[in-house]
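Reviewing the structure listed below.
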Amino acid sequence: MRRFTTVVLTTLSLGLSLSAAFLFPAQAADDPAYLTIGGGSWEAMRDNLRSWEADLSYRSDYKWWIFKPQGGLLVGGDGDYYGFVGFNAEFHLGKHFVITPSQNFGAWNGHGFNLGSHFEFREGVEVAYQFDNNYRTGIAFYHLSNADISKRNPGSESLLATFSIPLGHPFSKHAADDDADADKDLMPSSPKKAAAGAAPAASQTAALPQGQSPAPVQVQTVNQPLPQARTMQQQPAAPARALTDAQRNGFYYSSFAPMPKVY
């Protein structure tokens, strides 16, 4: 019964992922890289072995077609641990919902339930709600097995709540693009751009008749002296009065003789 339930859930998750791939275009090109934290149930389909699980994974924003690389680590409450690398694909349902199927492979070890091989595959799907600031919260289901490469292949399932934090550094593709754009802004203009700027002036010169050069631009300046304070010396002199002989004689005698008395 448990194996049947596992097969049904895995088939549904993969079917949902493939349906999203065909019905909804991948819009993850502008999505940032993510650090995803998960917590929930390890050995979720075995009541007698169920324990807690903690996941930590990095999802890159580099993209090959619809696939993006990822890697991470899970730790189970029974002492199991599993490191993995793989890829995922993100499909947006409207503005806020994102379906993320993934396929991984890696190494399992521990002293919990024996999974039959140290090499295990992990596939699953996450359904998340993406906020306007690109943070995400969702629920994920994963199946872990060795695909019958060993005689023992009991498999294991995980049911997790996830929280994804958008990242800009240090491994983000968009961060590298932003740094490149900043470097371009700091670079001086190239000779081609300078030539392109001089092209309109050259075209205007070429439009003149042969032998005629463009008229130089004349700049006229008006020099007006500042008003100066007028001094006494700059005042126009009053015209000299002509003295009569009587006035000159009177002035002469008044200088040396007393004025006659009048009785």
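The values are calculated or read from the model by the stated rules, or taken from the named source; none is laboratory data. Everything quoted here is computed from the prediction, not taken from an experiment. Cβ coordinates were reconstructed from backbone atoms using ideal geometry, including for glycine residues, and neighbour counts include every protein chain displayed.
Some points to look at:
- A search for C-beta distances below 9 Å between a residue of segment 148-168 that is more than 30 Å from N134 (Cβ to Cβ) and any residue that is in a strand (DSSP E or B) and among the aliphatic types (A, V, I, L, M), counting only pairs 6+ apart in sequence or on different chains, returns G155/L144; S156/L144.
- If the condition is being over 31 Å from the mean Cα position of the chain (by Cα) and among the acidic types (D, E), then segment 101-148 contributes E120, E123, D148.
- Candidate set from segment 51-68 (those that are under 18 Å from R136 (Cα atoms) and not aromatic (F, W, Y)); member that is nearest to the chain's Cα centre (by Cα): D61
- Reported count of residues in segment 128-147, each being free of Cβ contacts under 8 Å to residues at least 60 places away in the same chain, crowded, with 18+ Cβ neighbours inside 10 Å and not aromatic (F, W, Y), is 5.
- Among the candidates R136, R152, residue that is of a type in the set (K, R) and touching a strand residue (DSSP E or B) at 6+ places or on another chain (Cβ under 8 Å): R136
- Test: T6 is of a type outside the set (K, R), closer than 22 Å to A147 by Cα and either modelled with pLDDT of 95 or more or buried (at least 17 other Cβ atoms within 10 Å of the Cβ) (or both): yes
- Residue list for segment 55-67, filter: farther than 9 Å from A33 by Cβ and either crowded, with 16+ Cβ neighbours inside 10 Å or charged (D, E, K, R) (or both): D55, S57, K63, F67
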